[in-house]
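Engineer: Pasting a structure below so you can have a look.
Bear in mind that the values in this text are calculations on the coordinates, not laboratory data. Just so you know, these numbers come straight off a predicted model, no measurement behind them. Using ideal geometry, Cβ is built from the backbone for each residue, glycine included, and neighbour counts are taken over all protein chains shown.
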Amino acid sequence: MKSYKKRKQIKNVLMAIIAAVLFVIMMFPLYWMITTSFKDERTVFASPPQLFPLQPTIQAYVEQFTSPMFNIFQGLKNSVIISFFAMILSVVLSIPAAYGMARFRLKGKKFILLLFMVSQMLPQIATLVPNFIIFQKISIYNTYLAPIFADATLGIPFCILMLRTYFLSVPKEIDEAARIDGCNSLQSFTRVVLPMCSGGVAVSFVFSFLFAYSDLVYALTYINESTKWPVTVGIYNAIGRYGTAWSQAMAFGTIVAAPIIILFIFMQKYIVEGLTAGSVKG
Amino acid sequence: MKRLLHKWEGYIYVLPALIFMFVFIFYPIIYNLILSLQDVTVTTLLSPDKDFVGLKNYIDVLKQKEFWNALFLNCVFTVACIFFQFIGGFALAMVFKKETSFFRVTKALMLIPYIIPVTVNAILWKFFFATNGGFINEVLVGLGVIETGVEWLQHPWTAMFSVIVANIWCGIPFFMILLSTGLANIPMDFYESARIDGATSLQQFIYITVPSVKASIQASLVLGIVYTFRAFELIYVMTGGGPVNGTELLTLYSYKNSFTKFDFSVGATISNILMLILLIVGVFYIRMMKDDEEM
C-alpha cells in the first residue's frame, strides 16, 4: 500500500513536469511575440536569440502609434464599433430565436435547425462575392454596416444552437407556473427563463464579439477606405511594408491581440463554456 | 384557438433571425449558384442581363490543373493538420485532466492561441519562419543542424510545411477542450476497478478512455476537418497562396479568381465545389448530432 502511494506521488510530480513543459511549448509563440515587441530591431536578429529582452524598449510601440501609414487608434475604434454592433445584432436576433426553437412546436423545426447547422459549416468564400454584389446594390459597401451584417451571420447560428440547449435545460413547468401567475409568453421568457440562462447569454455576447473582432476577410472585401479598416485589415496591410521590421510587426500583433487577451482574462469562464459547447469558428 | 395562437407565437420568435440568415447567407448561396452558371466578369458584374453558360464553368474548372493542385493541397493540409492537432489535443487533454487549480489555470491559458485573431497568428508564424531572425532558423542554425537559414516561405513545400505548423498550433486547443469535456465525464471508479483487475495504463486507455470519449472524438474530428478544409485567412496572410501556388488551397484559388482576376463566375464555381465537399462531411456531423439529441 505504501509503495502504491509513493508511486502515485512520483507519478503526480512527473505529470506536473510534463504539463509544465507542454504548457511552455504551447505558450512560447505568444511569449515570443510579446518579448520581440519590446526589442529594438538589432536585438531581434541577435544570435543566439535573447529569450528575454535585456534592454527592453517601447520604440516599436511608439512607431506603431505614431505611424502615418495607418492610424492604429482609429483602427481599434473601427474594430470596436464593428464588433459591438455585430454582437448586439446577433444576440438580439438569436435569443428569441433560440427560445422559439426550444419552447414551441414549430412546423419544419428540424429543417430550420438543419439550416443553422449547415450555415456554420459553409466556407466564408461562398458568400463573399454575392454579398459583395448585394452590399453594393443596397449601397452599404464601404460602410461599417457591411462587415457588421456579414459578421453577424457568423455569430447567429452559433448563438442560436448554443442558447437553445440552455433554454431546453430549463424545465417547462417553470414557464407554466409563470403563465398561471398571469405572465404572457414574452413576460415568462424575459422575466423567468432568461435570467436563469444568464450564463448562456454571456457566452453568446462574448462569442459574437470574438467572431467579429477576429474577422479579416469580410472587412478586407467590403471596406476599401483605410480610415474605416478594423485593426485586422490594418495589420494585414502593414506586413508588406515592414519587410523585416519584426519588432514593429510584433508590436502591432500584440496591440491587436491585447483586447482579446483582456477579454479572456475577465470572461474566461464563459469562453471555456462556449468552446465546450462545441462548434466554434474556423 | 389558444393552441393556434401558441404556434403562431413561436414563429414570431424565430422569424427575425431566420429572415436575416436568408438575406445574408442563403440568398447569397443561391446567388453564388446562379453566378457559377453564368459568365460574369468585372465588366458584366453590375449589368442586369448576364449570359447563362450552363455547366461550362464547372467543366472548365475541372479541366484546370490548378484546380486539382488546389484540391490535392487541401487534402495534404487537412490530413496533416488534423492528425497532429488530434494527437496533440488528446495528449494535452489527458495531461491536464486533473482538477487542481494549477492544471485548470494553465489549461485555460492555453486557449489563448485559439481565440486571438487568426491574422495575428499568421503574422506571428510568418516571423517564426522568417529566413533572417526567425526563431526556427535561429534555433536550427544555433544547434548546428543547418549551416544557413532555410527560406521557409520562399519554396512551395517548405511554405506548405510552415502553414501546417502554424495551423496545428492554433488548432490544438480546440481539440484539447472538446476532448477534455469528454474525459471529465468518465467516472473514476471505472479506472479504480480496472486497476484492481490488474489492467495496465495502456489497457485502461484503450478499453476505458477511448470508448468513453467516442462521441467527443467524432465531433472534434468532423468539425476539425470542416474548419481546416475551409481554412483561408491564416494562409492568405502568411503566404498569399504562393510561392508558385505552393499553398494555394481551394479557398485561396477561389478568392484569387474572384478578386485578382475578377472572374467572378469561376470563383463562384470553385467555392461551390468546396461547399459541396464540406456539406458531405457535414452530413456525418448532423447524423451524429441526431443520435445525440432528438431534434
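Engineer: Restricting things to alpha carbons, tell me how big the stretch A:2-61 is in terms of Rg and Dmax, in Å.
Structural biologist: 18.6, 59
Engineer: Apply 1/(1 + (r/R0)^6) to the Cβ-Cβ distance of A:Lys269 and B:Asp51, taking R0 = 60 Å, and write down the FRET efficiency to the nearest 0.05.
Structural biologist: Details: r = 56 Å, r/R0 = 0.93.
Calculated value: 0.60.
Engineer: Put a dot 7 Å past each Cα toward the Cβ at B:Lys65 and A:Val24; how far apart are the dots in nm?
Structural biologist: Output for this residue pair reads 4.8 nm.
Engineer: List the extent of the Cα atoms of the stretch A:19-175 along each of their three principal axes, largest first, rounded to whole Å.
Structural biologist: Largest to smallest, the principal-axis extents are 67, 49, 29 Å.
Engineer: Just to check I understand the Karplus step: with θ = phi - 60° and J = 6.51 cos²θ - 1.76 cosθ + 1.60, what whole-Hz values come out for the stretch B:122-131, glycine and proline as x?
Structural biologist: For the stretch B:122-131, the Karplus-derived couplings read 5, 5, 4, 6, 4, 5, 4, 9, 5, 5 Hz, x marking Gly and Pro.
Engineer: Follow-up question, since we're still on this one. In chain B, once you exclude exposed GluC sites (Glu not before Pro) (DSSP loop, at most 10 other Cβ within 10 angstrom), what's the longest stretch remaining? Mind dumping the intermediate values first?
Structural biologist: Working: sites that count: B:Glu99, B:Glu147, B:Glu293, B:Glu294.
Between exposed loop sites, the widest span is B:148-292.
Engineer: Next question, about the same structure. Sorted from largest down, give the three principal axis spans of the alpha carbons of chain B, whole angstrom values.
Structural biologist: 81, 76, 31
Engineer: What order do you get for B:Tyr27, B:Tyr114 when you list them from fewest to most C-beta neighbours inside 10 Å? Walk me through the intermediate numbers first.
Structural biologist: Details: B:Tyr27 15, B:Tyr114 21.
Sorted ascending by nearby Cβ count, the order is B:Tyr27, B:Tyr114.
Engineer: What ranking do B:Tyr285, B:Tyr11, B:Tyr31 get, fewest neighbouring Cβ atoms within 10 angstrom at the top?
Structural biologist: B:Tyr11, B:Tyr31, B:Tyr285
Engineer: Is the shape of the stretch B:139-270 rounded, prolate or oblate, going by the alpha carbon gyration tensor and its root eigenvalues a ≥ b ≥ c, with a/c under 1.5 for rounded and a/b larger than b/c for prolate?
Structural biologist: On the way: a/c = 4.45, a/b = 1.76, b/c = 2.53.
Judged from the Cα gyration tensor, the stretch B:139-270 comes out oblate (a/c at least 1.5, b/c at or above a/b).
Engineer: A further question on this structure: Throw me the Rg/Rh for the stretch B:1-143, computed over C-alpha atoms with Kirkwood Rh, two decimals.
Structural biologist: Expressed as Rg/Rh, it is 1.15.
Engineer: Against the globular-protein guess of 2.2 N^0.38 Å, express the Cα radius of gyration of the stretch B:75-218 as a ratio, rounded to two decimals.
Structural biologist: Ratio of Cα Rg to 2.2 N^0.38 Å: 1.30.
Engineer: Determine the shape class of the stretch B:92-177: with a ≥ b ≥ c the square roots of the Cα gyration tensor eigenvalues, call it rounded for a/c under 1.5, and otherwise prolate if a/b is greater than b/c, oblate otherwise.
Structural biologist: prolate
Engineer: Using helices alone, what [θ] at 222 nm do you get for the protein assembly as shown, with -39,500 (n - 2.57) per DSSP H run of 4 or more residues, divided over all residues and rounded to the nearest 500?
Structural biologist: -23500 deg cm²/dmol
Engineer: Pulled fully out, how much extra length does the chain show between A:Thr190 and A:Ser67, if you take 0.36 nm times their separation in residues and subtract their Cα-Cα distance?
Structural biologist: 39.5 nm
Engineer: Another one. Using label points projected 7 Å from each Cα along Cα→Cβ, tell me how many nm separate B:Tyr27 and A:Ser169, to one decimal.
Structural biologist: According to this spin-label approximation, the distance is 3.6 nm.
Engineer: Over 27 Å apart: what share of the alpha carbon pairs of chain A falls there, rounded to a whole percent?
Structural biologist: Working: 21866 of 39621 pairs.
Distances greater than 27 Å cover 55 percent of the Cα pairs.
Engineer: Among A:Val233, B:Val244, A:Val170, which comes first, second and so on when ranked by fewest other beta-carbon atoms within 10 Å?
Structural biologist: Starting with the residue having the fewest Cβ neighbours, the order is B:Val244, A:Val170, A:Val233.
Engineer: Which entries in the list A:Lys11/B:Lys98; A:Lys5/B:Lys98; A:Lys137/B:Lys256; B:Lys97/B:Lys214 go over 20 Å, if you measure between the two C-alpha atoms of each? Before the final figure, lay out the partial values.
Structural biologist: Working: A:Lys11/B:Lys98 13 Å; A:Lys5/B:Lys98 17 Å; A:Lys137/B:Lys256 23 Å; B:Lys97/B:Lys214 17 Å.
Long pairs (Cα-Cα over 20 Å): A:Lys137/B:Lys256.
Engineer: For a Förster distance of 35 Å, can you work out the FRET efficiency between the beta-carbons of A:Ala16 and B:Val283, rounded to the nearest 0.05?
Structural biologist: Details: r = 43 Å, r/R0 = 1.23.
In this case the efficiency is close to 0.25.
Engineer: Next question, about the same structure. Go through the stretch B:221-295 and name the trypsin sites (Lys or Arg not before Pro) that are in a DSSP coil and have 14 or fewer other Cβ atoms within 10 Å of their Cβ.
Structural biologist: For trypsin sites (Lys or Arg not before Pro) across the stretch B:221-295 that sit outside H, G, I, E and B with at most 14 neighbouring Cβ atoms in 10 Å, the list reads B:Lys261.
Engineer: With each label point set 7 Å from Cα along the Cα-Cβ vector, what nm distance links A:Lys77 and B:Ile34?
Structural biologist: 3.9 nm
Engineer: Please say if the stretch A:136-224 is rounded, prolate or oblate, where rounded means a/c under 1.5 for a ≥ b ≥ c the square roots of the C-alpha gyration tensor eigenvalues, and otherwise the choice is prolate for a/b larger than b/c and oblate otherwise?
Structural biologist: Prolate.
Engineer: Be a star and scan the stretch A:144-162 for residues whose amide nitrogen sits under 20 Å from the point 7 Å along the Cα-to-Cβ vector of A:Ser226.
Structural biologist: A:144
Engineer: Over the stretch A:71-276, what relative contact order in percent results from Cα pairs under 8 Å that are six or more residues apart? The partial results should precede the final answer.
Structural biologist: Values: 218 pairs, mean separation 70.9, N = 206.
This gives 34 percent for the stretch A:71-276.
Engineer: While we're here: Return the long-range amide H neighbours of B:Gln38 (sequence gap of 5 or more, or a different chain), with a cut-off of under 5 Å between placed amide H atoms.
Structural biologist: When sequence neighbours closer than 5 places are left aside, the close amide H contacts are B:Val53.
Engineer: Assigning unit charges at the beta carbon (Lys, Arg +1; Asp, Glu -1) and nothing else, what dipole magnitude in debye, to the nearest 20, does the stretch A:71-276 show about its Cα centre?
Structural biologist: Around 380 debye, computed over the stretch A:71-276.
Engineer: Assuming a viscosity of 1.567 mPa s and a temperature of 4 °C, what translational diffusion coefficient in µm² per second does Stokes-Einstein assign to the protein assembly as shown, Rh being the Kirkwood radius over Cα pairs? Working shown, then result.
Structural biologist: Details: Rh = 25.5 Å.
For the chosen part, D equals 51 µm²/s.
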